[in-house]
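For reference, the structure is listed below as structure tokens.
Throughout, read-outs are computed from the coordinates displayed, never taken from laboratory work. Please read all numbers here as calculations on a predicted model, not as lab measurements. Here Cβ is always computed from backbone atoms with ideal geometry, including for glycine, and neighbour counts include all displayed protein chains.
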Amino acid sequence: APAVRVLASLEPSTPIRGRLGIFTRLRRCRSFIEPAYAASKRRLEASKKFEKNSIMQIGTAGALFLSVSSSVSIVIVNKYLISTLGFPYVTCLTATHMAVTAVALRVAEKMGYVVAKAIERQALVRFSCLNGISVAFLNLSLGFNSVGFYQMTKLAIIPCTVGIQQVYYFKQFSGEVKGSLFILLSGVAIATVTDLQLNFIGSVVSLLAIATTCVSQIWTNTMQKEHGVHSTQLLFAASPYMAAILGLVALPLDVGLSGGGAVGTGSESSSFGGSSSGSSSFGGGSSNHGTSGTSDDSLFVPIVLVAALTCFIAVLVNFSTFLVIGRCDAVTYQVLGHLKTVLVLGFGFFVLGNPVNGRNVFGIFIALCGMVLYGVAEIREKNRSAGDPKGGVLPTTRVDVKQ
């Protein structure tokens, strides 16, 4: 402003010496203007950085909400598709979900919403194989074991993940976190586990399912950090391989589990010698893995429409899964999975009118208390390790301002 006033007062008749004096005054004004401009620039950069941090924090909360809402939705829709309409090919459906996700991400890339980034092919194939194998083992565990033992298999994933993180990745978990996880798992076990029929083959398959699931979820987090990619970029690169691997094992696995039954029938026998299965690997939905008899042709159109709906929801599920594990960790994702189980149980009790007893209500209450305690323990651990870059206490939320 001083410079503008000086120039405005300058007349063409001003002597040369006067003009030189004016330039001297302008240089003096510059000595005042430059510090003010630098301070304003620093404030603007700090404001942008704060705004981006806020957006990333909201993004983490949004990822958690998207994961819960989409997963609960797909459980409900899968329950209708598998249990009511009698669609037995669960692994084929999962492979289709991943293929649709791969196509959707490539459409998003063409529209400019996704920026692809190259990842080492060997690492991608190894990661995709492990994910596909974990899905296969979970479905086999459901086929070989009783529902109660299958639920115990899923509950065992959290302590196994904690152990692997501590032994191989040197992560430390506080007593508060471990105690809250114990309360959470106890509540879910009380609410969901009804029988524990054991058999040797089923036990071996369950152990393999636990190990592969734990490692695949840990790798979902570590690969994003090691290769410097976001969750969407990792899913973009890995989804075609995962769809192909699941496609290879899907049909033989589903035919073996269903005994070659037709679509649209409703019996519940298992050809693998396990007890009748009533829970799918989608996290609490009902599954008619074994079907026999003749199919109902009138159900073809409803099955196609509902399957298409599950494909749409599955894109959100797969996206949110990678997003949550990338921003948080595998343990937090598993805790979120048990929250979904509790919500699905509540939906069945209060909306569908499923029979409920005191044990179910007590278990859900204990599980919810465990989740609250876990959240409190997480906040305390993050506050304690905020000033310690070597803290590394899980679970933590990663906020990458460079995104």
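Some observations on this one:
- Extending 7 Å from Cα along the Cβ direction at N354 and again at F312 yields two label points whose distance is 2.5 nm.
- Virtual paramagnetic centre 7 Å along Cα→Cβ of C129, amide N under 15 Å, in the stretch 201-216: 212, 216
- Too-long pairs where the Cα-Cα distance tops 20 Å, listed order kept, from K340/K382; K117/K382; K225/K340; K171/K225: K340/K382; K117/K382; K225/K340
- Residues F65 and C160, FRET efficiency given R0 of 25 Å [Cβ-Cβ distance, rounded to 0.05]: 0.40
- Built amide H within the under 5 Å cut-off of Q172, gap 5+: L394
- Cα-based convex hull volume of the stretch 215-258 per residue, rounded to whole Å³: 80 Å³
- The stretch 91-215 - convex hull of the alpha-carbon atoms, volume per residue in Å³: 164 Å³
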